[in-house]
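Notes for the one structure printed next.
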Amino acid sequence: QVQLVESGGGLVQAGGSLRLSCVPSGRTFSTYQMGWFRQAPGKERESVATINRTGGNTQYADSVKGRFTISRDNAKNTMYLQMTSLKPEDTAVYYCAATTRSFPTMAPSLYDYWGQGTQVTVSS
């Protein structure tokens, strides 16, 4: 069982930046494929970015490419999402998730563990 805790959300003006962090419990962080997802009010949860176990392979949703960067530091047991050039449509609750599958995936249903989420609000 893995517990995930996100932090770093908040209120920011359009064009601003935020960095989210995800810290899992346990010592097996490096064995999980990880991802960031978000859910806006009235919308389905969607994938933002994924990263493989070593951090050498990343994927991004088209809506965030060039603006967001996913990374992980296995020595620090932490995953990050650096968000720049934020837009009002980025407003959502952001979740980190972990999967035991052999490869990262953009499908939320294939993730085994989820954090409680952190709110990101971008004002226009």
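Each residue of segment 29-42 was assigned a 3J(HN,Hα) from its phi angle through the Karplus expression (A = 6.51, B = -1.76, C = 1.60, θ = phi - 60°), giving 3, 5, 8, 9, 6, 10, x, 10, 10, 9, 9, 8, x, x Hz with x at Gly and Pro. Heavy-atom accessible area with a 1.4 Å probe sorts ASP62, ASP112, largest first, into ASP62, ASP112. Above 18 Å, the calculated P(r) of the chain contains 45 percent of its Cα-Cα pairs. For segment 73-124, the equivalent ellipsoid derived from the Cα gyration tensor has semi-axes of 24, 14, 10 Å, listed largest first.
Its Cα centre serving as origin, the chain has a Cβ charge dipole (Lys and Arg +1, Asp and Glu -1) of approximately 240 debye.
Taking 0.36 nm per residue of separation and subtracting the Cα-Cα distance, full extension of the segment from THR69 to ARG101 would add 9.3 nm.
The values are calculated or read from the model by the stated rules, or taken from the named source; none is laboratory data. Everything numeric here is computed off the predicted structure, so don't read it as measured data. Methodologically, a virtual Cβ is constructed for each residue, glycine included, from the backbone with ideal geometry; neighbour enumeration extends over all protein chains shown. Surface areas here come from the heavy atoms of the whole protein model, side chains and all, with no ligands, DNA or RNA. Shrake-Rupley method; radii C 1.70, N 1.55, O 1.52, S 1.80 Å.
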